[in-house]
Amino acid sequence: MSERAAHEWQRRAAAEMRSAGLAAELAARAIRIGLPQLASPLFRAAEDELQHASDASLVAAELGAGGIVLDVEDLSFAREPGGPLDDLFVPALQSLAIGETLAVPLFRAMATAATEPLAKRALNRIVSDEARHAALGWRVVDAVAARDPEGAANVAKRRLPGLLGPFQIGFGEAKGPDLEAADRAWGLLDAAAYRTIWRRTWLRTLAPRLARRGWWGPRDVPGL
Ligand SMILES: [Fe+2]
Ligand SMILES: [Fe+2]
């Protein structure tokens, strides 16, 4: 058994629950701005995330952790000062387009390394769903941007350094003690893997996608 793995899976269950809440919130926001065709896939994504949360809490329970600990603040999704288009655009850009695109290689690495069947099964399910969520994220931001291309470009350019900050800190500069074999068996990744996967995903996938949309220049954030 691994105490670190128990804690990590408990934390992940809460993160998946937050993803469920956000996807449902974004579905409502899509309806509000007259893009109801995005609501169904967003609600489906919310259901996937609820399943991830349930799978993750089963793994946590197997490891001896308690139930999901939710932070109400974290589940209250702030409205954007720019209005209803930004209310969908900004969180979809950060959490779906960027976050889920990064989640795919991260969870794939975890699923590959995990040997405990319960963890491996949960991780494989997450990998296959997050790829779909990432594609949905780019579809959502493109649909909103099509409404007001210039406005979206301005918001993206102004907000991206701040939206990327948590990824750079949490993944690009990840630190942590070495993992034990038991931690790896339950699908934990070490800090070096987080740093490598973030950097590679940023350079190969995220920066080119943002640049292609005219939302990102190579010198916008030094160090990334
Ligand atoms: Fe998820
Ligand atoms: Fe997801």
Counting pairs of Cα atoms in the range 72-154, how many percent are more than 18 Å apart? 53 percent
Per residue, how big is the convex hull of the chain when only Cα atoms are used? Give it in Å³. 110 Å³
Inter-probe distance in nm under a simple model that places probes 7 Å from Cα toward Cβ, at Ala182 and Arg132: 3.6 nm
Helix 149-167 versus the longest principal axis of the chain: what angle, 0 to 90°, nearest 10, using Cα atoms? 20 degrees
With contacts defined as alpha carbon pairs under 8 Å and 6 or more residues apart, what's the relative contact order of the chain in percent? 21 percent
Please check the chain for the longest run free of trypsin sites (Lys or Arg not before Pro) that are loop-located per DSSP (anything but H, G, I, E, B) and have at most 14 other Cβ atoms within 10 Å. 80-174
Using the scaling law 2.2 N^0.38 Å as the reference, what is the normalised Cα Rg of the range 21-72? 1.45
Say the dipole of the range 3-212 comes from +1 at the beta carbon of Lys and Arg and -1 at that of Asp and Glu; which of Gln51, Ala119, Phe171 then lies farthest toward its positive end? Phe171
Divide by every residue of the chain the summed helix terms, -39500 (n - 2.57) for each DSSP H run of at least 4, and state the resulting mean residue ellipticity at 222 nm, rounded to the nearest 500 deg cm²/dmol. -22000 deg cm²/dmol
Sum up the charges of everything whose Cβ sits under 11 Å from the Cβ of Thr101, counting Lys and Arg as +1 and Asp and Glu as -1, but leave Thr101 out. 0
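Throughout, read-outs are computed from the coordinates displayed, never taken from laboratory work. Since this is a predicted model, take the numbers as computed values, not measurements. Note that each Cβ is placed from the backbone with ideal geometry, even for glycine, and that neighbours are counted across all protein chains shown.
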